[in-house]
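All remarks here apply to the structure that follows.
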Number of protein chains: 2
Amino acid sequence: MSDDKKLTPRATDFSAWYNEVVLRAQLADYSPVRGCMVIRPDGYGIWERMQRALDDMFKATGHRNAYFPLLIPESYLRKEAEHVEGFAPEAAVVTHGGGKKLDEPLVIRPTSETIIYSMFAKWVQSYRDLPILINQWANVVRWEMRTRLFLRTLEFLWQEGHTAHATHDEAEAETRQMLGVYRTFMEGWIAMPVVTGLKTQSEKFAGALRTYSCEAMMQDNKALQAGTSHNLGQNFAKAFELQFQDEAGEMQFAWNTSWGASTRMIGGLVMTHGDDNGLRVPPKLAPTEVVVVPIWKSDEERSRLLEAAQQLKTTLSSWNGRGDDRIRVHIDAREGIKPGAKYYEWELRGVPLRIELGPRDLAGNSCMTARRDTREKKIFSLDGIAESVAGVLGTIQDDMLKAARDRREANSVREPISYDRFKELMEGEGAFVYAGWNGDPAVEAKVKEETKATIRCIPDEEFRTPGGPTTCMVTGEPAKHQVVWAKAY
Amino acid sequence: MSDDKKLTPRATDFSAWYNEVVLRAQLADYSPVRGCMVIRPDGYGIWERMQRALDDMFKATGHRNAYFPLLIPESYLRKEAEHVEGFAPEAAVVTHGGGKKLDEPLVIRPTSETIIYSMFAKWVQSYRDLPILINQWANVVRWEMRTRLFLRTLEFLWQEGHTAHATHDEAEAETRQMLGVYRTFMEGWIAMPVVTGLKTQSEKFAGALRTYSCEAMMQDNKALQAGTSHNLGQNFAKAFELQFQDEAGEMQFAWNTSWGASTRMIGGLVMTHGDDNGLRVPPKLAPTEVVVVPIWKSDEERSRLLEAAQQLKTTLSSWNGRGDDRIRVHIDAREGIKPGAKYYEWELRGVPLRIELGPRDLAGNSCMTARRDTREKKIFSLDGIAESVAGVLGTIQDDMLKAARDRREANSVREPISYDRFKELMEGEGAFVYAGWNGDPAVEAKVKEETKATIRCIPDEEFRTPGGPTTCMVTGEPAKHQVVWAKAY
């Protein structure tokens, strides 16, 4: 794949398109270690903005950051029965350290419940020590066999929240609250609409009482699970003796929650918004929101245009109409590259707004703008340019969410369909299918085996089809739940 | 050690004092994994502020963040001869993944030169691709046998900058620039003065051409190496075939630099500023700069005082005289704990300024303040309180640096001393000894063996004793360099 070749169209091969966009937009690269990737500055810049926004929301809801060890004694993983079954097969195991074989092997954390709740047990004595509301930004390793850049890698970056509460209800409220935080972030920042809901018992987190998730629809109509929030019940508290004395003086086990979102969201961003010209980054997450391309033909023009571009950048980036969140501007002043080639490159890299500035624009006290999302071009006066640019960036952010939501709804099936039609859909174009389910895990397993589709969630009230299906799509029996079926990443 | 027991005084046992402060100020805790620690929210809050300040400085000097894999093929470590010799003995080795023995063992990164320069080699073709200016925030593992909270742990958090340049001089300028950034940060934020200079060949980074370091003096007169900046020459470029075509069309090896600073700096902060009452955090790094302790005797007073405290907090934290950097305030409204016990606790935890607010203060439109650094108490009018508080916080920051610098100079020996006197000093109270050295590594090794002291650095011009020693302290031969000797962490 040469750099000046056109991208494989999404319709031809969505998977090839995805890899090409990630590589050519320089978000990430393959590394010499199987299944591990390098996140390049343009990809990491998006991650930094994701981190900042989420971190602010975690702190606003009373959480504090901490850091726990990367290495976990193998015996810890084994203390919670479901947990070890879920994670032991994917473990990366350190057997040697400092030139010697270790007495007990250490596992690189696949997630940190075990090590964190063993520490909580040390810190909690009384109900006065509760709740504990902690978050950790960290890397984790899960030994996946089939990997994809951002979507599934041996190592990935994420945050994992871990809390302890005195009661079930408080833990449940926390679990739901953090699911809401994820949804707000994914819709408000990634412009990626999600269906929130409850995972079935066979799809829940290993060791949880209940798992809730955010399910987003990619452009190939497959689901991406983009964030999960778990009510862990007292499972880990019992395994690690996380107890407290309640107000009556009785010893009680604490109730835990955990919740995580990862660099996988960057893959979700690409597959939600990218087009056949490349990446489209929602303005709120774009390390560069505006690229200014000055156009010149002579040396005299060049110095004049560069100066004007610099002035424009200063005007935009010093404007405080968005408070501390200044407009992020880059000037592409490279020599020896034609403006058209620059436009092409910045479209590929997904910068939300391009401003072209030539001698004629300058003479007219205006500039030409091009939106990346719609590719719409429009002349802006240089008077009040910051307000105009901020306005269009806001519109782009909103329009991207709306476009993604419209696409999702257009590819959701809400009328009752037969299981045969369902199978056709899953073999063909895919969809989110809202259907009745009798609640039997055997039916769930059969559908998964026959179609590779899974129940993404039992959707929250607001996502359900009103007066929805009353019978199970597969058996025709009375439906116990309305569920969302889809193939997933 | 019970929580209400007094700390071991520094003069009695500095090492015990250090551990007690770290644990009781809740900066960190021991974990169930040997040599690995848990960084608790109060410690991590300091680290977050360190990260933010350094990251801003890295970006202001043109660097961008990226992320490279945790796991490195063992063969990569072996490609640079000095590097493998330095790091292989400390390696944590992953031999199994996904339930299977790996074909090639993977090492958890002890530092990332090898994996990063192998990627640079993929990205660089021409001189136009240079320089590459990258930084990574990451965890690393080095299998240390004797560990200390923050100072030496198996796993630690750090940043590692990695750059590639077309010429030696450019790489050298970058190496020096980043040493300067570290110094600015350590003095300006940690209020920890440092001596900068060149490491001797026996003390340099494994694989570097030259290593520069920041050396701080702790209160036991031992040195803490708090940040290092390496000119790596072409050593790694040759090992990983990091080549570029220069303007003349010739293939050249690139020149690399790397530079790192870690959570060890938190240990430096504790040992620079702590006193027998506990921690003292410099205001710029304090997650909480001001703690307000409302004092009440009756329910009526309580609600009035809590309201006044809340109003004070709002006044302080909404004041924008420091721009976006708002004053960070906490109200200690806990019931059932006497004001005196609260003062004691916040002194232990190192909050720079305490404000006591009682009914009488309120009646007089004033409050009582207590500086943590000097324990000086002073009445402030509530009129213009934000300016007053910001002013005293600035003074505390400056005074802490000055006090630390005065202490360092008072414990530095700049007049010529005999090697016998030197041995006495190193066995006793310790010091930074500025002395002549004949440049012979054998002399360096002999002193290290006999006294455990090492050459911390060949100090930069401004730190040298003017007209300093002309003869070697050990051999009496003509001195080749003026060096700083000290025992070190």
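Values in this text are rule-based calculations from the coordinates and carry no lab data. None of the values given here were measured: they were computed from a predicted structure. Cβ atoms come from the backbone with ideal geometry, glycine included; neighbour counts cover every protein chain shown.
What percent antiparallel are the DSSP beta bridges of the protein assembly as shown, to the nearest 5? Counting only bridges with both partners in the protein assembly as shown, antiparallel ones make up about 85 percent. Shielding by partners for peptide A:113-125, expressed as the average number of C-beta atoms from other protein chains within 10 Å of each residue's C-beta, is 2. Here segment B:412-486 is assigned +1 on the Cβ of each Lys and Arg and -1 on the Cβ of each Asp and Glu. Its dipole about the Cα centre then comes out at about 60 debye. Distances between placed amide hydrogens fall under 5 Å for B:Ala91 paired with A:Gly98, A:Gly99, B:Trp143, all partners being 5 or more residues away or on another chain.
Plainly put, the tip 7 Å out from Cα toward Cβ on B:Ala248 is 8.8 nm from that tip on each other copy, the closest given first. Taking the DSSP bridge list for segment B:412-486 and keeping only pairs wholly inside it, about 75 percent are antiparallel. Each Cα pair under 8 Å and six or more residues apart adds its separation to the average, and for segment B:412-486 the resulting relative contact order is 44 percent. For segment B:1-47, the Cα gyration tensor yields ellipsoid semi-axes of 20, 13, 10 Å (square root of five times each eigenvalue, largest first, whole Å). The GluC sites (Glu not before Pro) found in segment B:285-374 that occupy coil by DSSP, while having at most 14 further C-beta atoms within 10 Å, are B:Glu335. With the convex hull of its Cα atoms as the shape, segment B:14-273 has an orientation-averaged projected area of 14.6 nm².
Partner shielding of A:140-148 amounts to 2, given as the average count of beta-carbon atoms from other chains within 10 Å of each residue beta-carbon.
Hydrodynamic radius of segment A:1-123 by the Kirkwood approach over all distinct alpha-carbon pairs: 18.5 Å. Its residues counted as N, chain B yields a C-alpha radius of gyration over 2.2 N^0.38 Å of 1.09. Here the Debye sum runs over all C-alpha atoms of segment A:66-211 as equal scatterers in vacuum, and log10 of I(q)/I(0) at q = 0.13, 0.15, 0.17 Å⁻¹ comes out as -0.72, -0.96, -1.21.
Considering every alpha-carbon pair of the protein assembly as shown, the percent of pairs per 20 Å bin, from zero through the bin containing the longest distance, is 12, 40, 37, 10, 1.
Here is the tail figure for segment B:412-486: Cα pairs spaced more than 21 Å apart come to 14 percent of all pairs.
Peptides A:426-434, B:146-154 ranked from most to least packed, by the mean per-residue count of other Cβ atoms within 10 Å: B:146-154, A:426-434. Dividing the summed helix terms, -39500 (n - 2.57) for each DSSP H run of n ≥ 4, by the number of residues in chain A produces a 222 nm estimate of -11000 deg cm²/dmol to the nearest 500. For A:His330, the label point sits 7 Å beyond Cα toward Cβ; its separations from the matching points on the remaining copies run 4.0 nm, from shortest to longest.
A P(r) calculated from all alpha carbon pairs of segment B:288-399, with 5 Å bins opening at zero, reads 2, 12, 25, 26, 20, 11, 3, 1, 0 percent.
Beta bridges assigned by DSSP with both partners in segment A:288-399 are antiparallel in approximately 55 percent of cases.
Restricted to Cα atoms, segment B:125-218 shows a radius of gyration and a Dmax of 15.5, 46 angstrom. Between this copy and the others, label points of B:Glu82 are 5.5 nm apart in ascending order, each placed 7 angstrom from Cα in the Cβ direction.
Find out how many positive minus negative residues lie around B:Gln245, taking Lys and Arg as positive, Asp and Glu as negative, among other residues whose Cβ is under 13 Å from that of B:Gln245. After counting each charged neighbour, the total is -3.
Only Lys, Arg, Asp and Glu carry charge here, each on its Cβ (+1 for the first two, -1 for the last two); on that basis chain A has a dipole of about 1040 debye about its Cα centre.
Which whole number gives the average, over all residues in A:37-44, of C-beta atoms from other chains lying within 10 Å of the residue C-beta?
That average works out to 6.
Remark on A:Phe205: its backbone amide H falls under 5 Å from those of A:Thr211, a criterion applied only to residues 5 or more positions apart or on other chains, H modelled at 1.01 Å from N.
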